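Asker: Have a look at this one.
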Amino acid sequence: MGKNKAILFPSEDWFRGLVSLMGEQEATYRELGATDCTMVVKVTGGASQGTGEDEGEKFFEVVFEDYGADKVRELASIEEASASHFVLEASLETWREMIDNIRDNGSPDLEHTLNYLTFPDDPMLVTGPDQLEVDTFYRYNESLQRFFNAAAEFPTSYA
Amino acid sequence: MYNAVVNEGLDRMSEMARGNFDLDWMDSNPAGWGHEVKPGKTGLTLCDVETGHYDQVPEHGSSHGSLAPRGCMVPDDTPSLDMYTLNEMSEVWSDNARHLYDEACNRQWNSTTDVPWHKLEKLPDDIEKSVCQMCTGFVEVEFVAGDMPAKWMCHINHDFHEVKLFLATQIMDEARHMDVFRKRALANGGGLLMASPASEELLAAILQANDYTTASSLMHIFGEGFILTLFRTGEFLAPTEVEKTIFRLCMQDEARHVAYGVKHLKYFLERHPEREGEIHSILDAGEQAIFRLTLEPQTIEPRAILAGGGIENIELGMARIGFLYSKQIREYLHRLKVAGLERESRMVIPAELSVETLLERAGVA
Ligand SMILES: [Fe+2]
Ligand SMILES: [Fe+2]
């Protein structure tokens, strides 16, 4: 991956960028321990070329297993998601603010961590088919945070 | 001059010295011999080895009552420990116990080197006091979740070793939680502040519960579910990267404990629906205790100060975290639903607690 070429968010390529950095930094993830969860990122309010059920909605599924994540795919709708999953939902504007904050600081400041953004259910919402699925977001939180922190390592462009 | 036991041992050793060995043990367990395992990507886990012959967990735990490992050949004269009272699988089992044990082993951390203590910074007095009071509360409650499993472990039939192993990891997790909050309270020029009488009521109910499953429902689902949300609150309100890291790491452990509790209650209720009433009764007591605890000044006020950014904005802070209580209740009810328990209509405390409702009740609005 060329580290100076901006990658479009949201896109499969953008998540693959993070996944490939996860592979390069496997030692970091080993330190935190193995993960076992499926994350669906839902982006709302983007440019209206979305494939999602509502205009502008986009869904990306990332399957975390052991010390990496080898499956990334865009979903046409949430119905296509694996049975076990949690959803992280936010507007494109919120995702952009979080990613830019990570890029600017090298890691999120106190007000842009995943837990900070999701805890009040606004501006980011975490949901799932049941509470135990939602709980996997808490159970692997530090690893998931580290995954998004890698967004500091390449420029992102937005739709 | 030696007693009978020593003489018997000496006779046996004399036989061995003459080349007469028993060797019966070598062919004692044909069904368990030739076992094949395949390590996964994370190494050789308990889930990897507990297959085939060794995956047969008996519904009724062994009657020999010893520490003999499940799946081995147990000689008839093996003496019982006479300790086990939890001999039914349904009383302790959870389908995720084995996996959670592997995960706990794999995701251990330590409060000595995994927290960026060097990033601690001098904080305004009201903020430091609020952090220290929050930590005092956690130091007080955390190890009940170590004491409770410790109280029951030696009563769990050894055939359910996955549950014992998972509970052992929980005890270690709770030791780390108690220690990391104590360290944070003492590390930045502050110290411990006020204990919480209201917590003691809930802690006593957990430790004094009549049976393991009611104790587990009260602790793993109810108590630890609430604590999990408080850890999320702590991360949300943290004034520095130090507390943020502490709360994120603790949150991960706590979600494992909750996951065991939910799946255990599910497994239990599927086999003993007639015991639902007992679970409801202990939750009645738990809800009332946590209600008092939630509203105790030493619990709520430090969080309100942190949420407001200082004591001068404590009211604003109260409003800002007004959603906290209803979030705790919502997640608690959803977890019980996964376990197969419909609780919403049985709750003995309000589901919501907004500032507006409280002002209305006080005749202010
Ligand atoms: Fe804990
Ligand atoms: Fe816990």
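The values are calculated or read from the model by the stated rules, or taken from the named source; none is laboratory data. Owing to the predicted nature of the structure, the values given are computational and were not obtained by experimental measurement. Positions of Cβ are generated from backbone atoms using ideal geometry, with glycine treated the same way; all protein chains shown enter the neighbour counts. Calculation scope for accessible area: heavy atoms of the full protein, side chains included, ligands and nucleic acids excluded. Shrake-Rupley method; radii C 1.70, N 1.55, O 1.52, S 1.80 Å.
Asker: Filter the stretch B:53-84 down to residues that are in contact with a Gly (Cβ under 9 Å, 6 or more places away or on another chain), of a type in the set (Gly, Ala, Ser) and either in a helix (DSSP H, G or I) or exposed (fewer than 15 other Cβ atoms within 10 Å of the Cβ) (or both), then give me how many there are.
Answerer: So the count comes out to 1.
Asker: While we're looking at this one, here's another question. Please go through the stretch A:1-44 and give me each residue that is of a type in the set (Asp, Glu) and more than 14 Å from chain B (Cβ to nearest Cβ), ordered by number. If you could, list the steps in order and put the result at the bottom.
Answerer: From the stretch A:1-44, those of a type in the set (Asp, Glu) are A:12-13, A:24, A:26, A:31, A:36; that's our starting set.
Those that are of a type in the set (Asp, Glu) and more than 14 Å from chain B (Cβ to nearest Cβ): A:Glu12, A:Asp13, A:Glu24.
Asker: Let me ask you something else. Taking B:Trp25 and the conditions (1) outside any loop (DSSP other than H, G, I, E, B); (2) surrounded by 12 or more Cβ atoms within 10 Å (Cβ to Cβ), which numbered condition does it fall short on, given that it satisfies the others?
Answerer: Here B:Trp25 meets the rest and fails (2).
Asker: Considering only the stretch B:200-299, give the helices (runs of 4 or more DSSP H) lying wholly within it that have at least 2 residues that are within 11 Å of another protein chain (Cβ to nearest Cβ) and in contact with a helix residue (DSSP H, G or I) (Cβ under 8 Å, 6 or more places away or on another chain). Reasoning before the result, please.
Answerer: On the way: elements: B:212-216, B:224-237, B:241-271, B:276-294.
Because the criterion is at least 2 residues that are within 11 Å of another protein chain (Cβ to nearest Cβ) and in contact with a helix residue (DSSP H, G or I) (Cβ under 8 Å, 6 or more places away or on another chain), the helices (runs of 4 or more DSSP H) in the stretch B:200-299 that meet it are B:224-237, B:241-271.
Asker: Of these, B:His257, B:His334, B:His272, B:His264, which one is open to solvent by 70 Å² or more (accessible area, probe 1.4 Å) and within 30 Å of B:Leu165 (Cβ to Cβ)?
Answerer: B:His334
Asker: Taking the stated definitions as given, is B:Glu352 open to solvent by 70 Å² or more (accessible area, probe 1.4 Å) and outside any loop (DSSP other than H, G, I, E, B)?
Answerer: For B:Glu352, the condition - open to solvent by 70 Å² or more (accessible area, probe 1.4 Å) and outside any loop (DSSP other than H, G, I, E, B) - is not met.
Asker: Sticking with this structure for a sec: Does the stretch A:129-154 hold any residues that are surrounded by fewer than 20 Cβ atoms within 10 Å (Cβ to Cβ), touching a strand residue (DSSP E or B) at 6+ places or on another chain (Cβ under 8 Å) and more than 10 Å from chain B (Cβ to nearest Cβ), and which are they?
Answerer: A:Phe154
Asker: Among helices (runs of 4 or more DSSP H) lying entirely in the stretch A:55-159, which contain 1 or more residues that are in contact with an Asp or Glu (Cβ under 8 Å, 6 or more places away or on another chain)?
Answerer: A:92-105, A:114-118, A:131-139
Asker: If A:Ser82 meets every condition in (1) in contact with a strand residue (DSSP E or B) (Cβ under 9 Å, 6 or more places away or on another chain); (2) away from chain B (no Cβ under 11 Å); (3) open to solvent by less than 10 Å² (accessible area, probe 1.4 Å) apart from one, which number is that one?
Answerer: All conditions pass for A:Ser82, except number (3).
Asker: Output the number of residues of the stretch B:203-222 satisfying the condition of being touching a Gly at 6+ places or on another chain (Cβ under 7 Å) and open to solvent by 10 Å² or more (accessible area, probe 1.4 Å).
Answerer: 1
Asker: Counting only residues that are out of contact with any Leu (no Cβ under 8 Å at 6 or more places or on another chain) and within 19 Å of B:Met219 (Cβ to Cβ), how many does the stretch B:98-122 have?
Answerer: So the answer is 2.
Asker: If B:Gly137 meets every condition in (1) under 30 Å from B:Glu312 (Cβ atoms); (2) within 14 Å of another protein chain (Cβ to nearest Cβ); (3) within 15 Å of ligand 2 (Cβ to nearest atom); (4) not hydrophobic (A, V, I, L, M, F, W, C) apart from one, which number is that one?
Answerer: Result: B:Gly137 passes all but (2).
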